[in-house]
Amino acid sequence: MNQQITGTFVAIVTPFDEREEINEAALQRQVRRQAEAGNGVFCAGTNGEFYALSFAEKVRVAGLCVEAAAGQVPVLAHIGEISTHQTIALGREIDRLDVRAVSAITPSFIACSQDELIAHYHRIADAIAKPLYLYNIPARTGNTITPETARTLAAHPNIVGIKDSAGSQESLDGFLAVARERDDFEVLVGPDSLVLHGLRHGAAGSISGLGNVSPQTLQAIYREHRAGHDEAAATHQTRYSALRQALYAHGFPPTLVKCALRSVMPEVGRSRGPALLSAEVEAAVREIALQYAEAWR
């Protein structure tokens with residue numbers, strides 16, 4: 001059995017310079033910032049703009065994150081591509097690095113049946129050495145992993161859990177039910193508003209985009225829950241949910257997270273095009289960032 005992965009992870013942004021090239025020093029500073037807050041790192045995910053990174057850049061980002069984490073906190077890497085073939089190719093490159101596990105989003109553009117998703121993930125899990133997390137985010141991919149499909153895939157010895165970012169309590173509860181049936185399949189909560197709900201019902205941890213802005217609040221939800229301080233955990237969750245509601249009201253969440261972080265840490269740069277925010281939205285996001293941003297310098 002693979003060693004269980006627990007705790008809080010931040011879906012870390014990928015900083016870019018003015019030419020939209022990866023700002024390697026800024027990325028490593030963000031990793032160390034999260035490590036200081038007690039959070040692990042999930043790199044090249046949705047908030048890391050994986051959809052705008054080349055194959056080589058994804059490998060480089062993972063390597064930089066591992067180097068900066070220096071064994072202090074675990075690094076998880078996203079390897080999902082549209083095709084099974086390319087996902088395996090990226091996974092094999094990431095296998096060379098000291099990441100704890102990998103996660104693969106469902107294919108996008110191609111409408112997949114549940115049988116196709118099962119075959120997709122079985123092939124990936126067979127081909128790579130790192131433990132594999134499924135990654136369910138149907139609003140972005142158009143493909144949904146059902147709890148029954150997760151139950152089937154959980155039987156594979158190299159599939160160790162799921163990151164559920166469907167956004168609903170119903171979806172999360174379905175996967176938590178699967179996890180309660182086994183001791184070798186875990187749920188990592190994706191929606192920022194459901195972190196505490198997931199933990200209360202057996203989730204092993206969370207992977208959150210908002211942790212880029214408020215890393216200490218994210219860590220506090222987990223820490224207070226683990227200590228049995230439910231009221232304190234709920235207070236931190238309320239703050240986190242309020243940040244989510246305020247920020248995500250303005251558009252595409254990954255672009256807004258990066259904009260908020262850039263407001264207080266300019267070196268992370270802008271999102272790669274075509275992502276674009278108006279001056280009015282940027283001003284509103286800056287006010288939110290100044291209210292909620294933590295552990296920045």
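The values are calculated or read from the model by the stated rules, or taken from the named source; none is laboratory data. Not measured: the values here are computed from a predicted model. When we count neighbours, we look across all protein chains shown, and the Cβ atoms used for this are built from the backbone with ideal geometry, even at glycine.
Quick look at the values:
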quantity	calculated
Checking K130 against (1) assigned to a helix (DSSP H, G or I); (2) basic (K, R); (3) buried (at least 18 other Cβ atoms within 10 Å of the Cβ), the condition it does not meet	(1)
Residue that is over 18 Å from the mean Cα position of the chain (by Cα) and either part of a helix (DSSP H, G or I) or more than 23 Å from P253 (Cβ to Cβ) (or both), where the choices are R96, R60	R96
Selected residue (only one of G45, G91 is outside any strand (DSSP E or B) and over 23 Å from V213 (Cα atoms))	G91
Any helices (runs of 4 or more DSSP H) falling wholly within the range 210-297 and containing at least 1 residues that are more than 30 Å from R200 (Cα to Cα), β-branched (V, I, T) and in contact (Cβ under 8 Å) with a residue 24 or more places away in the chain	253-264, 279-292
Residue that is surrounded by the fewest Cβ atoms within 10 Å (Cβ to Cβ), among those in the range 6-42 that are β-branched (V, I, T), out of contact with any strand residue (DSSP E or B) (no Cβ under 6 Å at 6 or more places or on another chain) and assigned to a loop (DSSP other than H, G, I, E, B)	V13
Residues located in the range 99-127, provided they are small (G, A, S) and assigned to a loop (DSSP other than H, G, I, E, B)	S108, A111, S113
Breaking point among (1) more than 16 Å from Q30 (Cα to Cα); (2) buried (at least 16 other Cβ atoms within 10 Å of the Cβ), for Q291	(2)
First in the range 20-47 and closer than 17 Å to Q216 by Cβ and modelled with pLDDT of 95 or more, second anywhere and of a type in the set (D, E) and part of a loop (DSSP other than H, G, I, E, B), Cβ under 8 Å, 6 or more apart	A37/E294
Search result, residues across the range 43-74 that are surrounded by 19 or more Cβ atoms within 10 Å (Cβ to Cβ) and among the acidic types (D, E)	E49
Selected residue [touching a residue at least 24 places away in the same chain (Cβ under 8 Å), in contact with a Phe, Trp or Tyr (Cβ under 8 Å, 6 or more places away or on another chain) and either buried (at least 21 other Cβ atoms within 10 Å of the Cβ) or of a type in the set (D, E, K, R) (or both)] from A77, A89	A77
Verdict on G273 being out of contact with any Phe, Trp or Tyr (no Cβ under 8 Å at 6 or more places or on another chain) and either loosely packed, with under 14 Cβ neighbours inside 10 Å or among the small types (G, A, S) (or both)	yes
Any hit, the range 173-183, residues being within 21 Å of Q114 (Cα to Cα), aromatic (F, W, Y), outside any helix (DSSP H, G or I) and more than 16 Å from the chain's Cα centre (by Cα)	no
Inter-residue pairs, beta-carbon under 6 Å, first under 14 Å from N158 (Cα atoms) and in the range 108-128, second modelled with pLDDT of 95 or more and outside any helix (DSSP H, G or I), 6+ apart	I124/A104; A125/L132; A125/H156; A125/N158; A125/I159; I128/D95
